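The values are calculated or read from the model by the stated rules, or taken from the named source; none is laboratory data. Predicted model, so just to flag it, every value in this text is computed and none were measured. Please note: Cβ atoms are built from the backbone with ideal geometry, for glycine as well, and neighbour counts cover all protein chains shown. When the accessible area is computed, the model is the full protein with side chains, heavy atoms only, and any ligands, DNA or RNA have been set aside. Shrake-Rupley method; radii C 1.70, N 1.55, O 1.52, S 1.80 Å.
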Amino acid sequence: QVQLVESGGGLVQAGGSLRLSCVASGSIFSIAVMGWYRQAPGLQRELVASITTDGSRNYADSVKGRFTVSRDNTKNTVSLQMNSLKPEDTAVYYCNVFQIGRDYWGKGTLVTVSS
């Protein structure tokens with residue numbers, strides 16, 4: 001089992017910034033992909049950003065140029081720097097890792113962007 005703990009959510013005004021962090025612990029062998037998903041009320045969970053072991057990044061079109069995902073393989077952490085936040089970024093953000101054919105999820109952290 002892999003446990004994920006997120007931190008860094010909160011309330012911010014439009015145009016502001018937040019940084020989310022996630023620490024993975026437990027039975028960690030080789031985490032292929034680490035990333036962030038989000039789910040807004042009434043909507044499906046969607047990929048925000050992901051990063052592979054070798055640093056290849058993937059972003060949702062809606063966050064390109066505003067969000068940056070990074071990871072530290074030595075510490076098993078993944079972070080999401082969110083700049084120029086918009087009200088439509090309001091959602092619960094979930095940390096996700098993919099290891100040996102299985103997805104693991106954090107409990108989520110709420111990000112609220114006020115207009």
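Can you tell me how many residues within segment 64-97 are over 12 Å from the mean Cα position of the chain (by Cα) and crowded, with 21+ Cβ neighbours inside 10 Å?
Our first condition is that a residue be over 12 Å from the mean Cα position of the chain (by Cα); within segment 64-97, this holds for 64-66, 72-76, 83-90.
From what is left, the residues that are crowded, with 21+ Cβ neighbours inside 10 Å are 85, 89.
Matching residues across segment 64-97 total 2.
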Subject >> Single condition Leu47 does not satisfy, out of (1) open to solvent by 20 Å² or more (accessible area, probe 1.4 Å); (2) among the hydrophobic types (A, V, I, L, M, F, W, C); (3) touching a residue at least 24 places away in the same chain (Cβ under 8 Å) >> reply: (3)
Original post:
Hey, Val69 hits all of (1) over 19 Å from Gln44 (Cβ atoms); (2) in contact (Cβ under 8 Å) with a residue 40 or more places away in the chain but one; which does it fall short on?
Top reply: (2)
Subject >> Hits in segment 50-63 (condition: open to solvent by 50 Å² or more (accessible area, probe 1.4 Å) and in contact with a helix residue (DSSP H, G or I) (Cβ under 9 Å, 6 or more places away or on another chain)) >> reply: Ser62
Original post:
Taking segment 20-35, which residues are surrounded by fewer than 14 Cβ atoms within 10 Å (Cβ to Cβ) and without any contact (Cβ under 8 Å) to a residue 60 or more places away in the chain?
Top reply: Ser25, Gly26, Ser27
